[in-house]
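The structure appears right after this line, and notes come after that.
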Amino acid sequence: MGLELLAGRLVTPTFGGSIYVWGSVIGVFLTALSVGYAVGGRTAKYASPALLVSVLAASAAFAAAVVVGGETVVELSASLPIPTRYAAVPSIVVLFGPLTFFVGLVSPYGAELSAAESRGAASGRVYALGTIGSIIGTFGTTFVLIPALEVTVIAALFGGLLLVAALLVAEPTPRAVGKLGVTALLLLSATVVGVYGVNVGEDTLYEDQTAYSELRVGEADGVRTLYLDGVRHSAMYTDDRDGYVFEYSKYAHVPMLWQDDVDRVLFIGGGGFSGPKRFAEEYDVTVDVVEIDPGVVHAAEEYFGVSEGPNFDVHVEDGRRFLEQTNHTYDLVVLDAYQRDAVPFHLTTVEFMELAASKLDDDGALVANVISARSGAGSAFFRAEMKTMERAFPHVYAFPTSDTDALQNIEIVATKGQSWSQSELEALAGTRDVGVDLTGAVTRYTHPSEVETGDVPVLTDEHAPVDALLQGQAGKRYVVRQNNTTTARVAQPAL
């Protein structure tokens, strides 16, 4: 079980954390274990301490291979021309199939070598110990190892545990000592290469394996960036430049064009807190930020200048749960918890949108940051979210951040009060000073009548096929406007 969790963490930065990825992990592991059990049962009559040592040593050697070649194999797998929902399978098979197969041999061999009075008693004892080990591995990996160590170090640790098991059953012969010595040297060398052999082309200030993601803070050319599972989530300037690094961030200010009495703003999703900090500095408002990952909050406090104050509160919990429990009413809710390849479905449904609407003032607004194409392939999630929000709000508009049909940040703005036309917003953007220039943003105003939603569902708590809707985005070019420039890259298959 610990290996399964490790496999998920290794492939998530490239393929995302969708149900297809975790289904692939579980399926490969169960298949490899079943084959290992079957082969072990048929060959158990040949079992000996020396053979069991060889099996455990081979398992440790494959763990070393995961340490050294894990990321390379995942990248190669992402380039294969196979359907995107199956894209993670080859890398999981190559990296963890042989390792899990050898681990599957251990139980039948252990039962055969057991000194118990019967085969039934021996099998029961071995499988009970194996299940207890899985329980310890699950809780230990989840609550201790992943939050504290890098993926490569955890893989090396598992390899070391397999070597310790081999030592416990090995007979003190020169051959056994040599075999284990070579394997230990291989594992140690792999650990050194895995930990120190990676150059990301940017100064890494901080790394952490949080409960929710692989987190890294990097800095280059006066820009400090927060990465979650290898994807840029937030950034700030560390030189004399001012403003947002990512152009789409300023679109959250669109409702400020017509709102005169904004007192309280809620951000669901913190990241590097660029938006919450700007609102707190620019306007005389109280800002609440809900961020589910305490590791992200810690990184923001240490490296992005975030600190709580009389009018700035950070809440570490799920955004929907916070909305259900809060007694506050907001003038603006900014929903920035969606990723390109992993979207918490309970924050997309009509029930959630109705909950958010109930916590807004009569003229309040919600802004949702969606990563999607505007139309055609890769646009299904955006169009479904647009359709869903129309069920909860009387007025909904979209503001794409790029003129292309590539993947991009699209801000969906839903209002409870007055409706606004594009010409009205353009007039407001030209006359009102809201701290950021929105004249270009409002020119991309998109009315719901311009968005085809007939072929996508309304997302509900009972049926929110978010993973399926995101599938069409895998492999598409993702365009991000940064500091008046455009950065384009091809998204790796994510589903």
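Listing for the model above:
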read-out: Cβ-Cβ under 9 Å pairs, at least 6 apart or on other chains, the range 330-358 side touching a residue at least 40 places away in the same chain (Cβ under 8 Å) and basic (Lys, Arg), far side assigned to a loop (DSSP other than H, G, I, E, B) and surrounded by 22 or more Cβ atoms within 10 Å (Cβ to Cβ); value: Arg340/Gly16; Arg340/Ala494
read-out: Residue satisfying condition, being part of a helix (DSSP H, G or I), of a type in the set (Phe, Trp, Tyr), modelled with pLDDT under 80 and under 24 Å from Leu10 (Cα atoms), within set Phe139, Phe101, Phe143; value: Phe143
read-out: Of the criteria (1) crowded, with 23+ Cβ neighbours inside 10 Å; (2) under 25 Å from Gln418 (Cβ atoms); (3) out of contact with any strand residue (DSSP E or B) (no Cβ under 9 Å at 6 or more places or on another chain), which one Ser358 fails; value: (1)
read-out: Residues that are modelled with pLDDT of 95 or more, assigned to a loop (DSSP other than H, G, I, E, B) and buried (at least 17 other Cβ atoms within 10 Å of the Cβ), drawn from the range 390-405; value: Phe393
read-out: The range 228-245 residues that are within 20 Å of Glu301 (Cβ to Cβ), paired with ones that are in a strand (DSSP E or B) and among the small types (Gly, Ala, Ser) (beta carbon under 8 Å, 6 or more apart); value: Val245/Ala235
read-out: Residue in the range 249-263 that is within 25 Å of Ile410 (Cα to Cα) and at pLDDT below 85 present; value: yes
read-out: Some residue of the range 377-387 being assigned to a loop (DSSP other than H, G, I, E, B), surrounded by fewer than 18 Cβ atoms within 10 Å (Cβ to Cβ), in the same structural domain as Ala356 (by TED's automatic domain parsing) and modelled with pLDDT of 95 or more; value: no
read-out: Those residues of the range 315-363 which are within 17 Å of Thr388 (Cα to Cα) and assigned to a strand (DSSP E or B), in sequence order; value: Val333, Val334, Leu335
read-out: Out of Val198, Val192, sole residue that is modelled with pLDDT under 70 and part of a loop (DSSP other than H, G, I, E, B); value: Val198
read-out: Any chance Leu226 is over 13 Å from Asp437 (Cα atoms) and either at pLDDT below 90 or assigned by TED's automatic domain parsing to the domain that holds Ser358 (or both); value: yes
read-out: Filtered residues of the range 306-333 (kept if in contact with a Phe, Trp or Tyr (Cβ under 8 Å, 6 or more places away or on another chain) and at pLDDT below 95); value: Val306
read-out: The range 283-294, subset surrounded by 19 or more Cβ atoms within 10 Å (Cβ to Cβ) and within 20 Å of the chain's Cα centre (by Cα), residue farthest from Ala252 (Cα to Cα); value: Asp293
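Here's the yes/no breakdown for (1) under 20 Å from Asp293 (Cβ atoms); (2) without any contact (Cβ under 8 Å) to a residue 60 or more places away in the chain; (3) touching a His at 6+ places or on another chain (Cβ under 6 Å):
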{"site": "Thr141", "(1), (2), (3)": "yes, no, no"}
{"site": "Leu149", "(1), (2), (3)": "yes, no, no"}
{"site": "Ala155", "(1), (2), (3)": "no, no, no"}
{"site": "Leu163", "(1), (2), (3)": "no, no, no"}
{"site": "Leu168", "(1), (2), (3)": "no, yes, no"}
{"site": "Pro172", "(1), (2), (3)": "no, yes, no"}
{"site": "Ala176", "(1), (2), (3)": "no, no, no"}
{"site": "Leu180", "(1), (2), (3)": "no, no, no"}
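The values are calculated or read from the model by the stated rules, or taken from the named source; none is laboratory data. These numbers come from a predicted model, not from an experiment. Virtual Cβ from ideal backbone geometry, glycine too; neighbours counted across all protein chains shown.
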